[in-house]
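> Take this structure, written in structure tokens, and hold onto it; I'll ask about it next.
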Amino acid sequence: MKLLALDTATEACSVALNLDGDVIERFELSPRRHSRDLLPMVEAILAEAGLSLSQLDALAFGRGPGAFTGLRVATAMVQGLAFAVDLPVIPVSTLAALAQQGLREHQASRVLSAIDARMDEVYWGAFSESDGLMVPVASEIVAAPENVTVPSLDRHWFGMGTGWAFQNRMSATVMDCQIEVWPHAHDVALLAAADFKQGKGLPAEQAMPVYLRDKVALKKSER
């Protein structure tokens, strides 16, 4: 299996190749430069692996939640590449990718992912490990930090993501958290591979971002 994954849902821009379970990645923090940097990164990682786009089996992308502009960049890029060579597309939650990173880097089997959503809110999801992959145990939401929901308070949880900067306002308690972390295409590629094997690839035109929120700024009356 040869799968290319992209993620531009946050300040980070990353691409990864999952080659039968071996993952190589290019990652950089490049706020507001995703549209400039993403395609050269794709071309570079394919060249490093000695592959052409047509030799891939599927494409994957971080479908959100995250920054509206970043999500559109990744969606447009993956759709264009998929249309060019007729490949299936696999959307992956950026909150799930953060949780997978928590498992991969910190051996955390229960992760509360939180991304700063601006407007005094966080994007929030809870995940638990199953056969080496993080799966959701609650619906993803956008909410004020005081209103996030935590399944099974009696269990030990690990926090991942910039939303944990609001930890002093959350009812959730964690044994530890990593705040200065961002979703990686590496983890998108790991999760997408499992979905691909289960036949969950979509036609390019059905690959859509997930915002969780339908507005990008507060009105004056709301500030």
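> Within segment 39-51, identify whether any single residue is out of contact with any helix residue (DSSP H, G or I) (no Cβ under 8 Å at 6 or more places or on another chain), in contact (Cβ under 8 Å) with a residue 60 or more places away in the chain, over 24 Å from residue 198 (Cβ atoms) and surrounded by fewer than 17 Cβ atoms within 10 Å (Cβ to Cβ), and answer yes or no.
Step one: of segment 39-51, the residues out of contact with any helix residue (DSSP H, G or I) (no Cβ under 8 Å at 6 or more places or on another chain) are 40-41, 43-45, 47-51.
Now drop any that are not in contact (Cβ under 8 Å) with a residue 60 or more places away in the chain, which leaves none.
No: segment 39-51 contains no residue that is out of contact with any helix residue (DSSP H, G or I) (no Cβ under 8 Å at 6 or more places or on another chain), in contact (Cβ under 8 Å) with a residue 60 or more places away in the chain, over 24 Å from residue 198 (Cβ atoms) and surrounded by fewer than 17 Cβ atoms within 10 Å (Cβ to Cβ).
> Ok, one more. I need a count of the residues in segment 193-213 that are of a type outside the set (A, V, I, L, M, F, W, C), assigned to a helix (DSSP H, G or I) and under 17 Å from the mean Cα position of the chain (by Cα). Don't jump to the end; show me each part of the working.
Looking only at segment 193-213, we keep the residues that are of a type outside the set (A, V, I, L, M, F, W, C), and these are 195, 197-201, 203, 205-206, 209, 211, 213.
Now drop any that are not assigned to a helix (DSSP H, G or I), which leaves 195, 197, 205-206.
This time we only want the ones that are under 17 Å from the mean Cα position of the chain (by Cα), so: 195.
Number satisfying all stated conditions: 1.
> Taking the stated definitions as given, is residue 150 over 16 Å from the mean Cα position of the chain (by Cα) and either in a loop (DSSP other than H, G, I, E, B) or not assigned by TED's automatic domain parsing to the domain that holds residue 31 (or both)?
Values: over 16 Å from the mean Cα position of the chain (by Cα): yes; either in a loop (DSSP other than H, G, I, E, B) or not assigned by TED's automatic domain parsing to the domain that holds residue 31 (or both): yes.
Yes; evaluated as a whole, the condition is true for this residue.
> Continuing with this model, one more query. Just give me the residues in segment 51-101 being charged (D, E, K, R) and touching a Leu at 6+ places or on another chain (Cβ under 8 Å), in sequence order. Steps first, answer last, please.
Just the residues of segment 51-101 that are charged (D, E, K, R), to begin with: 57, 63, 72, 86.
Within segment 51-101, 57, 63 meet the criteria.
> Is it the case, given these coordinates, that residue 217 is at pLDDT below 95 and either of a type in the set (A, V, I, L, M, F, W, C) or more than 19 Å from the chain's Cα centre (by Cα) (or both)? Don't jump to the end; show me each part of the working.
Details: at pLDDT below 95: yes; either of a type in the set (A, V, I, L, M, F, W, C) or more than 19 Å from the chain's Cα centre (by Cα) (or both): yes.
Judged against the criteria, residue 217 is a match.
> Looking at 66, 102, 21, which is the one that is over 13 Å from residue 207 (Cβ atoms) and outside the structural domain of residue 207 (by TED's automatic domain parsing)? Spell out how you get there, then give the answer.
Working: 66 fails: outside the structural domain of residue 207 (by TED's automatic domain parsing); 21 fails: outside the structural domain of residue 207 (by TED's automatic domain parsing).
Result of the check over 66, 102, 21: 102.
The values are calculated or read from the model by the stated rules, or taken from the named source; none is laboratory data. Owing to the predicted nature of the structure, the values given are computational and were not obtained by experimental measurement. Virtual Cβ from ideal backbone geometry, glycine too; neighbours counted across all protein chains shown.
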